[in-house]
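A short worksheet on the structure shown next.
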Amino acid sequence: FAPPLGLVCGDIEALPLASGSVGLAWSNLALQWVSDLPRTFAGLYRVLVPGGLLMFSTFGPDTLKELRGAYAQVDGHAHVNRFIDLHDIGDMLVKAGYADPVMDMEPFTLTYPDVRALMRDLKAIGAHNATQDRAQGLTGRARLVAVAEAYEPLRRDRKLPATFEVIYGHAWKPLPRVTASGKKIIDIKPAREP
């Protein structure tokens, strides 16, 4: 019999789990909200058992590019989060010690009758602007009207597009390398010459 599954409510950036206690770590659209992705990958690596698998989905840099562009025409502040490129995420996984990372990307385009409907959807899923250079204070009516006007040239078939670039990734915590007698294998690489 398998042990019963337990629920844990914790911070993904400071996992309240024992080292080597998890065989599969799965994150669905949470990694884009962390403030330190390399540290988060290190924490997930810590809790995985050797041979354990990390699987995730997150958003890529083309996510909400239309809304970002419309706001860029209105003011100089960041109104849409900057998302990390899949190649950079793959490099972070390797640096954290994961083996054989596999990355893929798929764009989805949702359509909306107007910008307000898009913003309502974003609010409903809990999305918010977490960028350092975001505007402080409330966005006024005039700015929202200007954003809607800047977005309008993108309208096709009476709908406004909103792109979501979804990145999928997985990687393993490698098994320890040992000799036939059980001694650890340690790779020694010569120093690079400048």
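The values are calculated or read from the model by the stated rules, or taken from the named source; none is laboratory data. From a predicted model like this one, the values you see are computed outputs, not experimental measurements. Methodologically, a virtual Cβ is constructed for each residue, glycine included, from the backbone with ideal geometry; neighbour enumeration extends over all protein chains shown. The accessibility values were calculated without ligands, DNA or RNA, using every heavy atom of the protein model including side chains. Shrake-Rupley method; radii C 1.70, N 1.55, O 1.52, S 1.80 Å.
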**OP:** Calculate how steeply helix 37-47 sits against the longest principal axis of the alpha-carbon atoms of the chain, using the helix alpha-carbon long axis, and give the answer as 0 to 90 degrees to the nearest 10.
**Re:** 40
**OP:** Over region 62-194, with every protein chain in place, what whole percent of the accessible area is carbon and sulfur at 1.4 Å, could you tell me?
**Re:** 55
Subject >> Among Pro107, Thr63, Leu44 the positive-end extreme of the charge dipole of region 43-194 (Cβ point charges) >> reply: Leu44
Original post:
Tilt of helix 86-95 relative to the longest C-alpha principal axis of the chain, in degrees (0 to 90, nearest 10)?
Top reply: 30
Subject >> For Tyr98, residues with placed amide H under 5 Å, excluding near neighbours >> reply: none
**OP:** Determine the gain in length on full extension of the stretch Ala180-His128; use 0.36 nm per residue of separation and subtract their C-alpha separation, reporting nm with one decimal.
**Re:** 13.4 nm
Original post:
Of the peptides 11-21, 71-81, how do they stack up when ordered by the mean number of other Cβ atoms within 10 Å, highest first?
Top reply: 71-81, 11-21
Original post:
Spin-label point model (7 Å from Cα, Cβ direction): what's the Ile84 to Arg158 distance in nm?
Top reply: 4.3
**OP:** Averaging sequence separations of C-alpha pairs under 8 Å and six or more residues apart, then dividing by the length of the chain, give the relative contact order as a whole percent.
**Re:** 29
Original post:
Suppose R0 equals 25 Å; then what is the FRET efficiency for Ile12 and Ala99 from their Cβ-Cβ distance, rounded to the nearest 0.05?
Top reply: 0.70
Subject >> Phi-based couplings in Hz for region 159-173 (Karplus 6.51, -1.76, 1.60; Gly and Pro marked x) >> reply: 10, 9, x, 9, 7, 10, 8, 9, 9, 10, x, 8, 7, 10, 7
**OP:** Return one whole number: the accessible area per residue of region 56-194 in Å², for a 1.4 Å probe.
**Re:** 68
Original post:
Per residue, what volume in Å³ does the convex hull of the Cα atoms of the chain enclose?
Top reply: 197
**OP:** Please count, across the chain, the pairs of lysine residues with Cα atoms under 28 Å apart that sit 8 or more places apart or on different chains.
**Re:** 10
